[in-house]
Structures are given as C-alpha cells and as structure tokens.
Amino acid sequence: MLKISLRKVWGVYFVKNMKFTIGEWRVDPSSNLLISKTIEKRIEPKVMELLVFLANANGHVVSREAILGTVWQQVVLGDAITNTIANLRKALNDTHTPREYIETIPKQGYRLIPEVKWETDDHLLSKNQARPLSKNTSQALFSKNLFSVKQIVIAFFILVMLFIFYKFIPRTNSIADSHDKNLSKTVAVLPFYVYSEQKEMSNFAEGLADELIHQLATNHDLQVVARSSSSKFENSDKSVAEIAKILGTQYIIEGSLRQNNDNLRITVQLIDANRQINLWSKSFDKKIDDNFLQTQISISSEISQIITHKDANSSQYEKRNHPNSAEAYKLFMLAQSYMKRGDSKNYEKAFIYYQKATVIAPDYALAFAGMAQAKILLYQYKHKSLEKTEIEASKYLLRALSIEPELAEAFAARGLLRIYLHKFDLAENDLKKAIELNPGLRIAHHNYGFLLWRLSRSKEALVQFKSALEIDPLSPITNYGYADTLVNLGRIEEAIEHYLNCQDFLPENSTCFGGLSGIYSLLGNIKLQTKYRKLSRNLDPPNDFAQMLYSSLLHLQLKHWDEARKLIELSAQHEPLNYFLLKTDFTLNLHLNTLEKFKDKLQALSLDNPGNFEINLLLGMTLYFQSKCHQSIMQYEQAARTENKTTMSIWEFEHGISHNLNLAYCYSQRNNFAASEEELKKFNSYIMSLPKSKYIIPGKIYNVARYLVLTGEPIEAKKLLKQIEWWPFYWLSNYDPVLADLKEFSN
C-alpha cells in the first residue's frame, strides 16, 4: 500500500515517501530503509521522518523548534529530538567527528551535510503549485497530479488517525501497566517559584527544595534526582513532560513561596509527567520564624505514600538532624544554595552561612560537615595550602562526627580530603561508608569514582560515575569523569559519543567541549583539538586554571614555545604540583635542552613534598632522558614504594610517555635483565588489554615502536615510526635514549 504524507515546511509541502540518495546511502522512506552497497538497514519511522525533513531543507540549518513543530507536531518529550538525532547518526555510521552527515550548529539546530539527490523531482509543492528547493526541479510535473494526491492524503490521514487512536490511547488507569517500571518511582524537585524580589527569599527557596530532596531520598523506595540537575530548569520554558524526560523521571514536584509580612505560604504539587495530571497539591501557611523541617517531613511523607502506595512512617524522614532554631536552619539552607552554584566565591559565602548557623546551633553536625566541604572545594578551586586545608577541614569533620557519628555527608567530605592527602585506603573506607549510609548521595559516588580513577581502577570507577549520573544526570563534572574513564579504558568511540551528547544537553558549560579537545589532543588531531578548546575557553572566565593548563599543551604541540612557557608559568602560580602541568613543562624543557634546570625544580618540589608519587615519576623520566639510569631507577622505585598503583594510563601517550619502557631500558643498561623483562611484560599486557579502535593514538604507536626496539625488532619499529611522522610530538624520537641507535638500521 502506498503511503503518502504531506507536511508544510517554510510554506512548502513535501511528500514523505520519495526516494533519494545522500553520500553512500540510498534512502527509501516508504519502507524505512537505508541501503548502501554492502548493507540494508531498517530504521524507526520517526527517525526516517526526521531524515526526510532534514533532506527537504536542502542543506539549510533546521531549528529544534521547526523539528518539534513538523516531525512531532509539538507532541514530544524533552530529549526525543536529541535521541532521534543520535539514532539517525548511528544508522548512518556518523558517530565520529568531524560529522559526515548531520552537523549540530550550537544554539541554532541541525543540518544535513551531503547533497541530496532525489530520484524524482515531484516531491515538493506549495499550496497552489509545485515549488522545489532544488534548482533543477520541474514545477509542472507535480501540479498536474495535485488533486489526486490531496485525495490520497486525506484518506490516508483518516486511516492514520484511526490507527493512532487504537494504538496509543490508554485503555487502563494502572500506572504499573502504562509506564516503564524503571521510572515508576523516580521523582525530581524543581526550583520553587518565589513571589518576591528579595535575594534572601530566593536563596531560602533553593535551600527548601534541596532539603525536600534529601527528605524524599531517605525513603529507599524512591529514586530522587539531585538538585544540581533539577535546578537547571529554573525559569525554564520547557514543559513538565519535557523536563521529566530529560531527567529520566516520572514524577515532578514543583511549588512556590509567597511572603506577606511575617507570613509565608508554601504551595507544593506533585505531577505525573507521563500522564500529565496533577496527583496532589497542598498549601502550608507558616510564620517566617518557624522551623520548616516538620513541614518538609509532612510533604515528603504524603508524596511518598502517593508514589509508592505504602503508608509512610514520618519517623523515617528524621535521619537528617536539624536544630530547633528556625534561624540556624534558614542559614543552613542559604549556605546550601551557595554551595550548589559551584565556584570559589560562592563556596566562601556558603562557608560563612554554615559558620553562622553553628554559632546559633553549636550542635549542628550538617553545618560543620558543610564547612569542611566548603574548605576542601576552596582548596580545589583556589589551590590554597593543602596543609592548612587539612587542619581546618579535619577540625570541622571531627566536630560533625562527634555530634552525629553516622553522617554520610561527613564521610564523603573526609574521603575527598584523604584523596588529596594521598591516604587512599582511608579515603576508600570513608567513601564506602558514606554510600552505605546514604546510597542516594551523589557526591559520595562521584568522590569514590574520582578515587578509583586516581588509582587507575578504571572499571570500578566507571561503575561509581554511572551511579552518580543516575542520581544527577546533568552534573558536568560527573559527565566528564564518566567519559574520561571511558578513554582510560580505551573506549574512545564511546567517550566521544558521550561528550557529543553531553554538549547537546549542557551547551553553556565548558566541560564537555574541553573533554572533546582532550581526546583530539590524544589522537593528535590539532584541528579538532583547537576547535573544541576554543569553544570551551569561550565559556570560562579569563585566566581559568584548567583552560591555561590545557592551552599550554596545545601551544606546545603547535610549536609556539614562548606562549606555552607563559601559560605554564601562569598555571604554576595556581597549582605547582599538577602532574599534567609538570609533564608539559618537562616536554618544553626537553625541547629547549634545559632538562638540568627542570630537574633542579623537581628536586626542590620533592624536598617540600616528600613521598610525592608523581614527582618521583617525573624525576625518573627526566633522569632517563639525561641517560642517568642508576638515579632514574632509584626515583621510579621510590614512586612504586610510595603508591601501589600502575604507572600506565592511556593519557600518558598524549605526551609520548611510558614510564615502564623508560624503566625497562634503564634496568637493561644496569644488566638487571629480569627486572627489564618484567617491565616489558607489564607494558605489553596493558597494550593488549586496550580494545581495538578505528582511531589511531600516535603516542601509543610511538611507544609500541620503543617496545619493539627493546625486544630486538628495530626494523619493525622504524616502520611504525614512519606512520606517525605527522604527530606533533614526533620530535621526541630525536631525544629518546631507546631510539638513539635506530638510525643505524635500514629497512
């Protein structure tokens, strides 16, 4: 049966089922088929409809609004467009960059890249006559048959409406029957609307929503989206259904605060986003000086009963200890609102409010834990003294745990502090305890993922980052951690796809663009590395530490030596012990033949930071390049004694580094052949563990060539090196002791 569909786009109608060709694919819309020389794929009807719509745009950019209005006719949930674009790219084998078929134009929409070749020219018509977008389309062909086509279209439209009515109108009132079980107990609390211009009241509303999230999360029958994700929809023009789809939830809680003199009215409603109905609504009238904890408990209890169909014992919500003082509680909520904003100025404000809360309520454990967390994050962001941070944060954590020994937030904060102190076993114990106490605490999962990532336990890290994303799907730093861990596991394609999706739903955040820039740096693709670094840098403030840090490497790869040095020096003012920074500084000094000066710098840092694993590694590498193998071995062995972790990471290949091969060479120079063989086995085992990829990692090939030299295959090594002469760091081969004698061998 012939299927014909007529849609209006920019005043132009087009017939849905006309065949066409794009790139290597012949497209048959009537059968939902993509056909190439080697394969035939059947795609979903909605995916095909989107492809046809893009094809009719004839290379023009199509906005998300146009897609929404035409392909879905406004009936669509939030990330349906993004998911359909992703499915279409997958079907077209367009999952790598640069894109070959569908280009995302930031803040504008999408466009089809290749030229569309239609198999017939009668696919377009205006209201009165054919009006093709292509220059060669004959206007007369289609106008002759306009009347008959309209008749077919009307008949088909009636059939389609009957089908939709039968197929999609629910015939049951049961939530369990009509919704995905995975969504049936998931809930997000949106920012409360405030009928006031007072900043303090807005901050109070943020804290109120945050505490409501916590109270709901203590019911283990519910899965509650973290506030850092739901807060992104403050003043959003998206529908409740769209927001729920983006966050992966069935239920949405929204509310408002209205102040009248000393009285405050809190209105809360629970919405089933899938069925788009209001399940529950209630108003609470309170005095400004009242303690709102019991109100939140009441709200949480009633909502939980509605969602879980279980009688809720309100005592289960009183796991979060707040004082009786309404003033202290409001100060705590103000602090929480500043903590969510995520920069050093707001962390400083949060600390002040937490501290004020503890002055009023000296036994406020959560506020003391918040003070510690703020201090640790200030160390992260402002790179203050770790020694001073340890003293201050430990004092607050000790106080918090003396008041409330089972406080998950305190264990999560102490775990992070202990990571920075390199007390990894103790950190792991703390973070496991935090997760045991509160499985829904996103920061505990994220911090544990960070620890495992730091220890190169990448498979375990991925599990924790995934758990954190389930709680907080729009967290930029957790999305970065997840994708970066995929890279560590050699799953480059998946990491790129995750970052591309991430940039779609976090377009105003630099994190995902920066992640893509890092991957293309690893792949030696300077063009795309530069593109994404620029996009990332434009979203961050001037002199941002991370931007200076990664831009220094880019300038080094571009052989902009002076600019690289300036950025390295500026970055060192913020975080002189940063391993990435010191690797980049090493590479610059190697090129400038100033390794002796760099070695003196490392030794001075080592005296100030005894037992620093990464400084020992860098000293070992520096001494290797100076052909001082005895001293190099001492530094590498000291690093191994300091931390029980592997020295292998795919990111080391970005700078062309393999500490294992450096050590293998030096052991062989000292006639310790057994130890040399052991390091070679470690390297080979790691290389073999990486999955096959369509992407070339030049630093990996460079080190495999070094491995071949060390295992007696110099000619094969030369062949490999020939393949990567384009690599920006290929010049390393001129300085590498392993490769020093390679020129003597001919093919």
Distance histogram for the range 401-468 (every C-alpha pair counted, 10 angstrom bins, percent rounded to whole numbers)
26, 56, 17, 2
Measure of compaction for the range 17-64 (Cα Rg per 2.2 N^0.38 Å):
1.13
Give me the count of lysine pairs in the range 340-417 whose alpha carbons sit under 12 angstrom apart, restricted to pairs 8 or more positions apart or on different chains.
7
Quick one: what Rg and Dmax do you get for the range 560-608 from the alpha carbons, in Å?
10.4, 32
Toy charge model, Lys and Arg Cβ at +1, Asp and Glu Cβ at -1: the range 579-744 dipole around Cα centroid in debye, rounded to 20, equals 320
Placing +1 on each Lys and Arg Cβ and -1 on each Asp and Glu Cβ in the range 558-652, then taking the dipole about the Cα centre, the residue among Leu570, Cys629, Asn589 whose Cα reaches farthest towards the positive end is Cys629
Size of electric dipole in the range 338-447: Cβ of Lys, Arg +1 and of Asp, Glu -1, about Cα centre, debye, nearest 20:
440
What length, rounded to one decimal in nm, is gained on full extension from Ile105 through to Leu528, with 0.36 nm per residue of separation minus their alpha-carbon distance?
150.7 nm
What do the square roots of 5 times the Cα gyration tensor eigenvalues come to for the range 328-482, in whole Å, largest first, as semi-axes of the equivalent ellipsoid?
24, 16, 15
So, with +1 on the Cβ of K and R and -1 on the Cβ of D and E, and no other charges, what is the size of the charge dipole of the range 402-464 about its Cα centre, to the nearest 20 debye?
300
Would you calculate the convex hull of the Cα atoms in the range 531-689 and tell me its volume per residue in Å³?
126
Once the Cα gyration tensor of the range 426-574 is found, what semi-axes does its equivalent ellipsoid get, as square roots of 5 times the eigenvalues, in whole Å, sorted largest first?
29, 17, 14
If one puts a single equal scatterer on every Cα of the range 586-649 and applies the Debye formula without solvent, what log₁₀ I(q)/I(0) results at q = 0.19 Å⁻¹?
-0.68
Taking the range 579-744 and dividing mean pair separation by its residue count, relative contact order in percent (alpha carbons under 8 Å, at least six apart)
17
Which net charge results when you count Lys and Arg as +1 and Asp and Glu as -1 among the other residues whose beta-carbon is under 11 Å from that of Gly59?
-1
Cβ crowding within 10 Å averaged over residues, with 562-572, 479-489, 694-704, 35-45 ranked highest first:
479-489, 694-704, 562-572, 35-45
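Here, each number is a calculation from the coordinates, and none is a lab measurement. What you are looking at is a predicted structure, and each value in this text was computed from that prediction instead of being measured. No Cβ is skipped: glycine too gets one built from the backbone with ideal geometry, and neighbour counts run over all protein chains shown.
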